[in-house]
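Asker: One structure is given below, represented as structure tokens, and several questions about it will come after.
The values are calculated or read from the model by the stated rules, or taken from the named source; none is laboratory data. Please read all numbers here as calculations on a predicted model, not as lab measurements. Ideal geometry is used to build each Cβ from the backbone, glycine not excepted, and the neighbour counts take in all protein chains shown.
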């Protein structure tokens, strides 16, 4: 009887060991990597965000051209080709510190510290500024099919909503260092400090998708088997939701080369990274 119990114990130990080994192998397995393709000239001064206009087949790049909190009217939006060529360096200008962008009904929405600039996509002309009372550091933007604009404020730890080109107010709060946004149907994904969450835009119910050590999630895009995220301090991550692992795909150790709010074009497997103080965008194949 004792021998039989001992055998069962050994079998359980082997199974436990196999499962742990399998988990360790999954943790080491990295299904995706980034392969450098090309880069733009270094004239995109303090490049913060990249947005792909599918209709025009070009990129908008927001350039702070100074400090992220200075109201100096130095900021501008550039148009850049998918090969990295500058099409129009100052397609739209007169902004302070432009960051996140989104397009709806031929209007480009751009966060600008404590206001949102609305720009005509076809001309680059400013339509209007929408001031956001109490805002400190407006950052990323996501727009739903109805035209509701969701805007993170990273210093106030919340999300504002814009409707019909007017500010409605605080949509959701208590979100530590809220930054990157990605909207998929009725689900809004939000990058926070050390955490990626999802929010049901109808019920506002939240759920934690992943937790990992990062100062804040800046760039954020959803792919078939997980998420690509970045932090401003120079790292691009892959959040593997199938194997519940997170790993670094790209790291810029230089302090003057950061990774801000990138763009991802799934049809081309192309990731475009604004390098902030390095003043350019870099193109990578997501493999």
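Asker: Could you run through the range 252-272 and say how many residues are buried (at least 22 other Cβ atoms within 10 Å of the Cβ) and over 18 Å from residue 58 (Cα atoms)?
Answerer: 3
Asker: Only residues that are surrounded by fewer than 19 Cβ atoms within 10 Å (Cβ to Cβ) and either touching a helix residue (DSSP H, G or I) at 6+ places or on another chain (Cβ under 9 Å) or within 24 Å of residue 220 (Cβ to Cβ) (or both): list them for the range 82-106, please.
Answerer: Listed by number, the residues that qualify are 82, 84, 104, 105.
Asker: Assess whether residue 275 counts as being surrounded by 17 or more Cβ atoms within 10 Å (Cβ to Cβ), over 24 Å from residue 187 (Cβ atoms) and either out of contact with any helix residue (DSSP H, G or I) (no Cβ under 6 Å at 6 or more places or on another chain) or modelled with pLDDT under 95 (or both).
Answerer: Yes; evaluated as a whole, the condition is true for this residue.
Asker: Which residue is surrounded by the fewest Cβ atoms within 10 Å (Cβ to Cβ), if the candidates are limited to the range 172-183 and must be touching a residue at least 40 places away in the same chain (Cβ under 8 Å) and outside any loop (DSSP other than H, G, I, E, B)? Spell out the reasoning first.
Answerer: Step one: list which residues in the range 172-183 are touching a residue at least 40 places away in the same chain (Cβ under 8 Å), which gives 179-183.
Narrowing the set further to residues that are outside any loop (DSSP other than H, G, I, E, B) leaves 181-183.
Values: 181: 24, 182: 21, 183: 19.
So the residue we want is 183.
Asker: Please return the ranges of strands (runs of 3 or more DSSP E) entirely within the range 184-230 where 1 or more residues are at pLDDT 95 or above and farther than 26 Å from residue 146 by Cβ. Can you show your working first?
Answerer: Numbers: elements: 187-192, 195-200, 206-211, 220-223.
Where strands (runs of 3 or more DSSP E) fall fully within the range 184-230 and carry at least 1 residues being at pLDDT 95 or above and farther than 26 Å from residue 146 by Cβ, they are 195-200, 206-211.
Asker: Quick check on my filter: what residues within the range 235-260 are touching a strand residue (DSSP E or B) at 6+ places or on another chain (Cβ under 6 Å) and not in a strand (DSSP E or B)?
Answerer: Residues satisfying the conditions are 241, 258, 259, 260.
Asker: A further question follows. Six or more apart or on different chains, Cβ under 8 Å: which pairs go from a residue in the range 215-234 that's in contact (Cβ under 8 Å) with a residue 12 or more places away in the chain and on the phi > 0 side of the Ramachandran plot to one that's surrounded by fewer than 21 Cβ atoms within 10 Å (Cβ to Cβ) and outside any loop (DSSP other than H, G, I, E, B)? Could you list them?
Answerer: Cβ pairs passing all conditions: 226/240; 234/251.
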